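These notes concern the structure reproduced below.
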Amino acid sequence: MQFTEEQIAFRDSVRKVVDKHVAPIAAEIDETDRFPREIVDLFGELGLMQLWVPERYGGPDGNLTMMCIAREEVSRVSPACATIAGLNTMFIMPLLHFGTEEQRQRFLPEVAKGGVVTAIAISEPQAGSDVSAIATRAVRDGDSWVINGRKQWCSYGVEADFIVLMARTSDASGSAGISAFVLEPKKMKGITFGRHERKMGWRGAPNTPIFLDDVRVPAGNLIGEEGNGFRASMRALDLNRPTIGAQCVGMAQGALDASVAYAKERKQFKRSIAEFQGIQFMLADMAIQIEAARALVYECAQAGDAGDWKRLTYLASMAKCFASDMAMKVTTDAVQVFGGYGYTKDYPVERWMRDAKLAQIFEGTNQIQRVVIARDLLGA
Ligand SMILES: Cc1cc2nc3c(=O)[nH]c(=O)nc-3n(C[C@H](O)[C@H](O)[C@H](O)COP(=O)(O)OP(=O)(O)OC[C@H]3O[C@@H](n4cnc5c(N)ncnc54)[C@H](O)[C@@H]3O)c2cc1C
């Protein structure tokens, strides 16, 4: 896909910021696993966190292509910081597509200011790939809902101002009884967070369980209609998956750039290793796969920007699945190009390899993406 002049200018401006502010701290964030609040402030000032908020609510009025550009650029240096760009997607989208105008007026201008952290809580200990198995329950009581249950993983939830939370509001079978609520954890009582998960990669992005004990949520915080939660979360995921694909393209590009530079520099048998065909072919294969994934990701972004939801769902699963499998392969090969040094923390390639693994798992595992694609193919 050919970027427009405006998109190129946007990409270059993000790249500059990333080189100046993210690159110097990327390894340290991984090492210490600290949440980089300064990146939230910075990306909030630049409009990157709240990119999706339309102009009428005070936002930058971005779109899926811009989201992908931003995430690709940040991920070239730090996949963990890349998720902070566009972090609010999973909060904004359910409100935009399924919320009421009153809810949009209430929450979106706040998010548009920047620096607001939001999260989405769907998964539970027993409900991972099978979202319809969620057991957290919301019961209507006068002007509010009372929520009890437990959520698992919830990225950034412990830092969040707002959380979109899925809870069962009826016994209707499967996903029909699931509704979406806006939780305000800094204001509402009965919300506690469990132990931080100790993860292989994507360090600096906090993940904790959430315990909900008689949490009283005003009726006005039910997003749209009762029973719409599953559809709201699926739409948000469809719009977020291509950006995970873009992140994968970014981290693979970072790994390829580092590998090319290293291959030219490193000498064995009195020659740079870049002169060996075995290394050249590996680099060429990495580049082929990155370009193929990039084309798929931006094709998908265009479908999303055109509002072609059916094609978006299909391509979003492909983009996320293909790009994350690609990133796993490319970053593993990058470690190979670096030899023994690639296996140490002195170079960033092992970090990208660990981060790439997550992209095959979260936002729906790659097996589930294949289920979605096959269902579409078979008309099931
Ligand atoms: C770091 C991290 C951050 C996360 N952030 C969030 C978040 O912010 N909010 C949130 O709600 N969730 C979040 N999640 C949860 C994530 O979405 C789930 O981990 C994911 O959907 C998979 O669920 P599971 O881990 O329970 O695996 P399971 O569903 O138990 O799957 C185990 C294995 O079985 C396979 N499998 C399952 N069903 C099928 C099938 N039908 N066909 C073929 N294979 C199948 C899976 O592909 C996988 O290989 C996060 C997870 C991680 C690791």
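The values are calculated or read from the model by the stated rules, or taken from the named source; none is laboratory data. Quantities reported herein were computed from a predicted structural model and do not represent experimental measurements. Heads up, the Cβs are rebuilt from the backbone with ideal geometry, glycines too, and the neighbour counts pull from every protein chain shown.
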**OP:** Answer yes if at least one residue in the range 302-313 is of a type in the set (Val, Ile, Thr), assigned to a helix (DSSP H, G or I) and either within 23 Å of Met1 (Cα to Cα) or more than 16 Å from the ligand (Cβ to nearest atom) (or both), and no otherwise.
**Re:** yes
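Just to be sure, is Ile84 buried (at least 24 other Cβ atoms within 10 Å of the Cβ) and either at positive phi or part of a helix (DSSP H, G or I) (or both)?
Working: buried (at least 24 other Cβ atoms within 10 Å of the Cβ): yes; either at positive phi or part of a helix (DSSP H, G or I) (or both): no.
When the stated conditions are applied, Ile84 does not pass them.
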Original post:
Any residue in the range 77-97 that is touching an Asp or Glu at 6+ places or on another chain (Cβ under 9 Å), more than 23 Å from Leu358 (Cβ to Cβ) and more than 16 Å from the ligand (Cβ to nearest atom)?
Top reply: no
Subject >> Residues (part of a loop (DSSP other than H, G, I, E, B), surrounded by fewer than 24 Cβ atoms within 10 Å (Cβ to Cβ) and in contact (Cβ under 8 Å) with a residue 24 or more places away in the chain) located in the range 61-76 >> reply: Asn63
**OP:** Report yes if some residue within the range 135-148 is closer than 17 Å to Phe362 by Cβ and within 13 Å of the ligand (Cβ to nearest atom); otherwise report no.
**Re:** no
**OP:** Among what's in the range 111-134 and is over 17 Å from the mean Cα position of the chain (by Cα) and not in a loop (DSSP other than H, G, I, E, B), pick the residue that is farthest from the ligand (Cβ to nearest atom).
**Re:** Ala112
**OP:** Report, by residue number, each residue of the range 328-351 that is within 16 Å of the ligand (Cβ to nearest atom) and crowded, with 24+ Cβ neighbours inside 10 Å.
**Re:** Arg351
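Please verify whether Ala160 is within 12 Å of the ligand (Cβ to nearest atom), within 19 Å of Pro94 (Cβ to Cβ) and within 22 Å of the chain's Cα centre (by Cα), treating the condition exactly as stated. It would help to see each step written out before you state the result.
Numbers: within 12 Å of the ligand (Cβ to nearest atom): yes; within 19 Å of Pro94 (Cβ to Cβ): yes; within 22 Å of the chain's Cα centre (by Cα): yes.
Answer is yes for this residue.
Yes/no matrix, rows are residues, columns are (1) within 16 Å of Thr89 (Cβ to Cβ); (2) aliphatic (A, V, I, L, M); (3) surrounded by fewer than 22 Cβ atoms within 10 Å (Cβ to Cβ):
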position	(1), (2), (3)
Asp214	no, no, yes
Gly220	no, no, yes
Glu226	no, no, yes
Gly229	no, no, no
Ala232	yes, yes, no
Leu237	yes, yes, no
Pro242	yes, no, no
Gln247	yes, no, no
Ala252	no, yes, no
**OP:** Examine the range 217-228 for a residue that is over 25 Å from Met326 (Cβ atoms), more than 16 Å from the ligand (Cβ to nearest atom), of a type in the set (D, E, K, R) and out of contact with any Gly (no Cβ under 8 Å at 6 or more places or on another chain), and state whether such a residue exists.
**Re:** yes
Original post:
Here are some residues: Ile25, Ile39, Ile8, Ile69. Which one is touching a Pro at 6+ places or on another chain (Cβ under 7 Å) and more than 16 Å from the ligand (Cβ to nearest atom)?
Top reply: Ile25
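Residues Ala316, Ala374, Ala359: which one is modelled with pLDDT of 95 or more and away from the ligand (no atom under 13 Å from the Cβ)?
Values: Ala374 fails: away from the ligand (no atom under 13 Å from the Cβ); Ala359 fails: away from the ligand (no atom under 13 Å from the Cβ).
None of the others qualify; the one that does is Ala316.
Can we say Thr313 is out of contact with any strand residue (DSSP E or B) (no Cβ under 8 Å at 6 or more places or on another chain), polar (S, T, N, Q) and under 24 Å from Gly62 (Cβ atoms)?
Values: out of contact with any strand residue (DSSP E or B) (no Cβ under 8 Å at 6 or more places or on another chain): yes; polar (S, T, N, Q): yes; under 24 Å from Gly62 (Cβ atoms): yes.
Taking the combined requirement at face value, the residue satisfies it.
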Subject >> Candidate set: the range 279-327, residues that are surrounded by fewer than 17 Cβ atoms within 10 Å (Cβ to Cβ) and among the basic types (Lys, Arg); chosen: the one nearest to Pro79 (Cα to Cα) >> reply: Arg311
